[in-house]
1. Condition first: polar (S, T, N, Q), buried (at least 17 other Cβ atoms within 10 Å of the Cβ) and not in a helix (DSSP H, G or I). Now tell me which residues in the range 203-256 satisfy that.
2. Looking for something more than 14 Å from the chain's Cα centre (by Cα), modelled with pLDDT under 95, of a type outside the set (Val, Ile, Thr) and under 22 Å from Leu157 (Cα atoms) - is there at least one such residue anywhere in the range 281-294?
3. Can you pull out the residues in the range 162-180 that are open to solvent by less than 50 Å² (accessible area, probe 1.4 Å), modelled with pLDDT under 95 and of a type in the set (A, V, I, L, M, F, W, C)?
4. Determine which member of the set Ala385, Ala322, Ala394, Ala301 is in contact (Cβ under 8 Å) with a residue 12 or more places away in the chain and part of a strand (DSSP E or B).
5. Of the residues Asn104, Asn97, Asn31, which is out of contact with any helix residue (DSSP H, G or I) (no Cβ under 6 Å at 6 or more places or on another chain), open to solvent by 60 Å² or more (accessible area, probe 1.4 Å) and modelled with pLDDT of 50 or more?
6. Does Ala38 satisfy being among the aliphatic types (A, V, I, L, M), at pLDDT below 95 and within 25 Å of the chain's Cα centre (by Cα)?
7. Restricting the search to the range 364-411, which residues are within 30 Å of Trp243 (Cα to Cα), surrounded by 13 or more Cβ atoms within 10 Å (Cβ to Cβ) and not hydrophobic (A, V, I, L, M, F, W, C)?
8. Would you check which residues across the range 257-280 are open to solvent by 20 Å² or more (accessible area, probe 1.4 Å) and among the acidic types (Asp, Glu) and list them?
Amino acid sequence: MKAAARRPLAAACATALASVLAACAAQGDGNSAAPPSAAASGLAQAVADFPSATPEALGVDSAQLVRMSEWIRKDKLDVRSLLVVKDGKLVFERYSNGLTREHNYELYSVTKTITALTFGVLEGEGRIAVGDKAAAWIGRAHPEFTGQLADKKDISLGNLMAMSSGLLYKQVEGSDPLYFQAPNRLQVALGTTPRIPPATRFEYTDANPVLVGASIAVASGQREDAYAEQRLFKPLGMRNYKWTGADQTGTVSGGWGLRLRAVDMAKLGQLMLDDGRWQGQQVVPAAWIRRMSTPQAGATARDYGYYTWINHIVESEPEFGAMGFKGQFITVLPEEKAVVVMTAILPTDGGLRTGTYLNMYRRMVNDYILPSMQTLPRPQPSVAAQQALEKELALASQSRGVPGTDLAFNDGPER
């Protein structure tokens with residue numbers, strides 16, 4: 001929904017619901033009624049995606065969010081989408097360069113967190129467990145890799161998801177075969193060698209989720225993307241999702257390649273915030289959400305669970321979520337009952353814990369978004385505040401940020 005044509009979100013949602021209900025009532029009376037208008041149908045879908053509210057209606061100071069958006073716009077940061085959900089309602093939805101809610105984005109390593117959620121669904125069915133050995137699962141379906149699995153028999157799926165497998169993978173800059181060039185990505189991942197015993201050291205490598213995804217496929221009897229679609233994406237009402245980068249065997253990577261709309265990323269954040277529930281349905285076991293977002297006993301990194309970063313963005317209160325290269329984030333703030341989502345192309349210099357894109361996002365959350373939720377006295381709704389927010393979102397929608405790093409072929413938003 002473009003901000004230039006936007007009415008207050010709460011009023012728009014109410015109008016959509018009224019239109020749909022009126023059409024249903026007319027059909028129920030046996031009257032010959034035309035279907036809801038395209039505008040009403042679009043707004044009804046927006047309600048289905050997430051209920052919306054003005055920030056002040058939930059005690060959020062929109063002035064702080066406006067100032068954040070002005071900084072992003074004036075500094076020409078290439079932030080494609082930035083969403084804030086509070087108390088289960090979408091209170092801030094910012095897009096740039098004419099993008100809309102219907103565009104999806106390459107999530108990079110945010111995909112790993114979705115792999116962890118998918119694993120949790122399968123574990124809840126009693127079909128897999130973190131203590132299982134990856135070699136045992138993979139060997140069931142791939143006897144051709146018996147030799148490559150021989151030195152990996154002690155590595156559990158939990159070790160792989162905690163990034164403590166001990167496997168050494170030498171990445172090839174520019175044309176790494178683990179990514180798009182591999183005829184068989186599993187074969188490449190199994191070419192790794194154990195350097196240290198598992199559960200010894202945190203070492204972030206994309207070979208690990210390839211092995212987890214392969215194990216999920218064996219345990220579920222279908223490819224990871226198909227199982228995730230059936231048990232995760234469809235129950236959350238997601239649309240326009242793609243899991244790209246399948247190798248010549250048709251297998252996707254468990255560590256990257258998923259494309260989602262920002263609003264669907266927010267649904268995943270809300271799912272994690274609500275202990276695995278979505279609209280009253282238990283999609284992922286609550287116990288699994290707690291495990292994946294908590295460092296395990298003997299963890300090799302206190303800021304990492306199972307493909308989930310912990311207090312990586314915020315230090316002042318509990319926080320956990322997902323992070324992807326160049327500026328893709330899902331951040332869960334339990335004390336605020338809030339979720340923040342961003343997709344962007346920001347500078348990539350620095351490491352996993354010190355990257356420029358990471359520090360820029362930390363500034364957004366800690367200097368603007370959190371204070372907007374902690375303003376006292378509690379801000380009250382006003383026409384002026386809503387108009388100021390709508391004006392800034394309209395300006396943001398037409399702004400064009402400058403990419404902070406070179407664009408890859410898959411970095412463009414899609415519909």
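The values are calculated or read from the model by the stated rules, or taken from the named source; none is laboratory data. Nothing here was measured: the structure is a model prediction, and the numbers come from that model. With ideal geometry, Cβ positions are generated from the backbone for all residues, glycine too; neighbour counts draw on all protein chains shown. Side chains included, ligands, DNA and RNA excluded: accessible areas come from the protein's heavy atoms. Shrake-Rupley method; radii C 1.70, N 1.55, O 1.52, S 1.80 Å.
1. Start the filter on the range 203-256 by keeping residues that are polar (S, T, N, Q), which leaves 205, 208, 215, 220, 222, 230, 240, 244, 248-249, 251, 253.
Checking the rest, the ones that are also buried (at least 17 other Cβ atoms within 10 Å of the Cβ) come to 205, 208, 215, 220, 251, 253.
Selection gives Thr205, Thr251, Ser253.
2. no
3. Leu178
4. Values: Ala385 fails: part of a strand (DSSP E or B); Ala394 fails: part of a strand (DSSP E or B); Ala301 fails: part of a strand (DSSP E or B).
Exactly one of Ala385, Ala322, Ala394, Ala301 is in contact (Cβ under 8 Å) with a residue 12 or more places away in the chain and part of a strand (DSSP E or B), namely Ala322.
5. Details: Asn104 fails: open to solvent by 60 Å² or more (accessible area, probe 1.4 Å); Asn31 fails: modelled with pLDDT of 50 or more.
Answer to the check: Asn97.
6. Working: among the aliphatic types (A, V, I, L, M): yes; at pLDDT below 95: yes; within 25 Å of the chain's Cα centre (by Cα): no.
No; evaluated as a whole, the condition is false for this residue.
7. Ser397, Gln398, Ser399, Gly401, Pro403, Gly404, Thr405, Asn410, Asp411, listed by residue number.
8. Scanning the range 257-280 gives Asp274, Asp275.
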